[in-house]
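As structure tokens, the structure follows; a few thoughts come after it.
A short reminder: the numbers here are calculations on the coordinates, not readings from a lab. Treat the numbers as computed from the prediction; the structure is a model and nothing was measured. We place every Cβ from the backbone using ideal geometry, glycine too, and count neighbours over all the protein chains shown.
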Amino acid sequence: MKIAIISDLHANLEALLALPRDYDELWVLGDLVNYGPNPAEVIDFVRANASAVVRGNHDNSVAFDVDCRCSPRFRQMAEATGIYGSSVLGPGDKQFLRELPMRIWRTVEGKRFLLCHATPSDPLFEYRPPDSPLWAQAEETSAGADVILAGHTHLQFVRTFGGRTVANPGSLGQSKSGDYRARYAVWQDGEIRLCALEYPVEATVAKILSLPIRENIKAELASVLRTGKVPPADR
């Protein structure tokens, strides 16, 4: 069984289409929308190809018209692209996002997986970095899980605590790992492998630059995609 695990797609269709299709199953850890130019197309792909999808904070924001509670540095970007996304998504797309669960349990080859977007105890909003000691603590919401899969931070990692593995595949659609490559993970033969993928980032940037949003926001979104870094605060 080969499982591709992706998170934080952020309406980046080019990165999604570059993902190798040699998997048996595709698992998605949320944030299909916002920041990128193709929310409807990304939802269509996920709906057609993924066997497990959980709701992220940006999905929740667009689905229910509520605050995504993202970091202050990205708030204007999220708000602008959220308005755009809401204008191009149909009722069925928003209903799909509304119906996404916040946690999914799966058993594969004798291992119990818990899928969530942020953390098991706060699946939408908690920002828990890779080195947080909280990952090692027992939580009622993840009791019995052999593997916890979470996204949200856009930072790849795999950590093992006793017999439990915690992994974040990174962001497929908006890298924050210091370069533009799309990040994802693969579960195969009882192990998780972290991967980085080249994709035509300038095609995504060109679409962003044509969006009907403020020029400074487009420039910041383009900068994040090209560099894989958060823009300086004085931009």
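Quick notes on this structure:
- Charged-residue dipole, Cβ positions (Lys, Arg, Asp, Glu), segment 1-132 about Cα centre, Debye nearest 20: 280
- Across segment 184-193, computed HN-Hα scalar couplings (Karplus, 6.51 cos²θ - 1.76 cosθ + 1.60, θ = phi - 60°) run 7, 9, 10, 9, 7, 6, x, 10, 9, 10 Hz from first to last residue, x flagging Gly and Pro.
- Antiparallel content of DSSP bridges confined to segment 2-227, in %, to 5: 65
- For the residue pairs LYS2/LYS218; LYS176/LYS207; LYS2/LYS207, alpha carbon separations beyond 30 Å are given by LYS2/LYS218; LYS2/LYS207.
- Mean residue ellipticity (222 nm) of the chain, computed from DSSP H runs ≥ 4 via -39,500 (n - 2.57), nearest 500: -9000 deg cm²/dmol
- Segment 2-227: C-alpha gyration tensor shape, a/c 1.5 cut-off, then a/b vs b/c: prolate
- Top of GLN137, GLN188, GLN174 by mean-square fluctuation, Gaussian network on the chain, Cα under 10 Å: GLN137
- Förster radius 30 Å - calculated FRET efficiency between LYS207 and GLU99 (Cβ-Cβ, nearest 0.05): 0.65
- Calculated FRET efficiency for the pair THR160/ALA18, C-beta based, R₀ 30 Å, to 0.05: 0.55
- Gain upon complete extension [ARG69, THR227; 0.36 nm per residue less C-alpha separation]: 54.5 nm
- Hydrodynamic radius (Kirkwood) for segment 179-224, which is based on Cα pairs only, to one decimal in Å: 12.6
- For the residues ALA206, ALA222, ALA143, a GNM of the chain with alpha-carbon springs under 10 Å puts the largest fluctuation on ALA143.
- For segment 67-110 versus segment 188-235, the gap between their alpha-carbon centres in whole angstrom: 17
- Loop-located trypsin sites (Lys or Arg not before Pro) across segment 154-222 with a Cβ neighbour count of 15 or fewer within 10 Å are ARG214, with loop assigned by DSSP.
- Taking Cβ atoms as reference points and 12 Å as the exclusive limit, the residues near VAL46 contribute a net charge of -3, counting Lys and Arg as +1 and Asp and Glu as -1.
- Highest mobility in the GNM of the chain, judged by mean-square fluctuation with C-alpha springs under 10 Å and restricted to ALA48, ALA196, ALA145, is found for ALA48.
- Prolate/oblate/rounded call for segment 1-133, Cα gyration tensor, a/c under 1.5 rounded: oblate
- Sites counted here are GluC sites (Glu not before Pro) in a DSSP loop (not H, G, I, E or B) having no more than 16 other Cβ atoms within 10 Å; the longest part of the chain that contains none of them is 1-108.
- Dipole magnitude of segment 38-110 about its Cα centre (Cβ charges: Lys, Arg +1; Asp, Glu -1), debye to nearest 20: 240
- Normalised by the number of residues in the chain, the mean separation of alpha-carbon contacts (under 8 Å, six or more apart) gives a relative contact order of 22 percent.
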